[in-house]
Amino acid sequence: MMAVYAQPAPASSFKVIPLGVKGGSDESNLSSYMVGAAGSNNYVCLDAGTLHYGIQKAINAGIFRGAVNTVLKNNIKGYLISHPHLDHVAGLIINSPDDTAKNIYALPFCTEVLKEKYFSWKSWANFADDGEKPLLNKYHYATLTPGEEQPLEHTGMSVTAFQLSHSNPYKSTAFLVRNNNAYLLYLGDTGADTTEHAANLRMLWQSIAPLIKEKKLKALFIEVSFSNAQPDKLLFGHLTPRLLMQELDVLGHLTGLALLHNFPVVITHEKPGGMRENTIKKQLLASNGLGLRLIFPKQGRLLSF
Ligand SMILES: [Zn+2]
Ligand SMILES: [Zn+2]
């Protein structure tokens, strides 16, 4: 499906550059999305599974000029980490020696793991400003509080975090990014409320439904890791096409189904394996009774919303 990035978009509010789009296996293409206000060159990364290779792809596509490290240092102003699984933080850790000082925005459950398991001298150097000493003080843990908006420094944007369930009791995060009156919602890995025996998604949908009604929410990024063939007991806190549509149906009943017609939904975190990615796409397109504008992002290809 040709998506919005095909058009110049003077009225757009956000630019998104996917640095990595997959949910496993290919370490050169793991979840990470640069998001910035339209007209700005200052971005944050939504997750940081792959940085270097994705920036190189964006340079090759003409989105940035210069060297990878220049973009890493100058254009990325902070990281929003949904949860501390390696496929969401590997790029941040590996590139930390070349990076400049910036904030890591995350909920406390996530900063604790970064502090104790990664930016500790046992597994890497401690580039952060907290945890095992000596502290290299490059990254500052900007700890978020669920439901409370906080500015994203040097970007003109702000963020509100919501807690998700990712193989209960393990957690993940949704980030609602705001640029003036426009919003973009990115979900880290998440299971469905039914399979997680939780209500996190219902609560999130209730919080953001008014933004859809007011036409302020420009796009939703959400995962579909597996095809419908995946048994529930082997979902490990992820969604399938069937479960995604079930969840968006819940959202649609809060907003009115008509408002989801043509609403941009970016499908993230497909796990490679055999024909799975093709199957996921087919199953989503075949079950899109809501008429969502389904977008399958490509590494290094600009999206505008
Ligand atoms: Zn993941
Ligand atoms: Zn995960």
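Computed over the chain, relative contact order equals 19 percent, with contacts defined as Cα pairs under 8 Å that lie 6+ residues apart. The share of Cα pairs per 5 Å bin across the stretch 255-305, counted from zero up to the longest distance, runs 4, 17, 26, 22, 18, 10, 3, 0 percent.
If one computes P(r) from the Cα atoms of the stretch 88-211, what percent of pairs lie at distances over 20 Å?
On the way: 3790 of 7626 pairs.
In whole percent, the share of Cα-Cα pairs in the stretch 88-211 beyond 20 Å is 50.
The value of relative contact order for the stretch 103-172, using C-alpha pairs under 8 Å at least six residues apart, is 25 percent. GNM, the chain, Cα, under 10 Å: largest mean-square fluctuation among 224, 71, 35? Per the Cα network of the chain with a 10 Å cutoff, 71 tops the list. Relative to the longest principal axis of the Cα atoms of the chain, helix 241-255 runs at roughly 80 degrees. Helix 200-213 versus the longest principal axis of the chain: what is the Cα-based angle in degrees, 0 to 90, to the nearest 10? In the chain, helix 200-213 runs at an angle near 80 degrees to the longest axis.
Taking the chain as a Gaussian network of alpha-carbon nodes connected by springs under 10 Å, the highest mean-square fluctuation of the residues 239, 257, 284 belongs to 257.
Multiplying the residue separation of residue 150 and residue 73 by 0.36 nm and subtracting their alpha-carbon distance yields 25.5 nm.
Across all directions, the average projected area of the convex hull around the alpha carbons of the stretch 203-275 is 5.4 nm². Counting only Cα atoms, the size of the chain along its three principal axes is 54, 44, 40 Å, in decreasing order.
Per DSSP H run of at least 4 residues, take -39500 (n - 2.57); add these up for the chain, divide by its residues and hand me the 222 nm value, nearest 500 deg cm²/dmol. Could you put the intermediate results ahead of the total?
Details: 8 runs with 76 residues, N = 305.
That calculation yields -7000 deg cm²/dmol at 222 nm.
Within the stretch 1-101, the percentage of alpha carbon pairs spaced more than 19 angstrom apart rounds to 39%. Tilt of helix 276-286 relative to the longest C-alpha principal axis of the chain, in degrees (0 to 90, nearest 10)? Helix 276-286 sits at roughly 40 degrees to that axis.
Over the stretch 148-298, the hull volume per residue, using the convex hull of the C-alpha atoms, is 113 Å³.
Can you give me the relative contact order of the stretch 124-238 as a percent, contacts being Cα pairs under 8 Å and 6 or more apart? Working shown, then result.
Working: 191 pairs, mean separation 21.7, N = 115.
RCO, the stretch 124-238: 19 percent.
Quick note: the coordinates plus some simple rules give every number you see, no bench work behind them. Because the structure is predicted, anything quoted here is derived from the model rather than measured.
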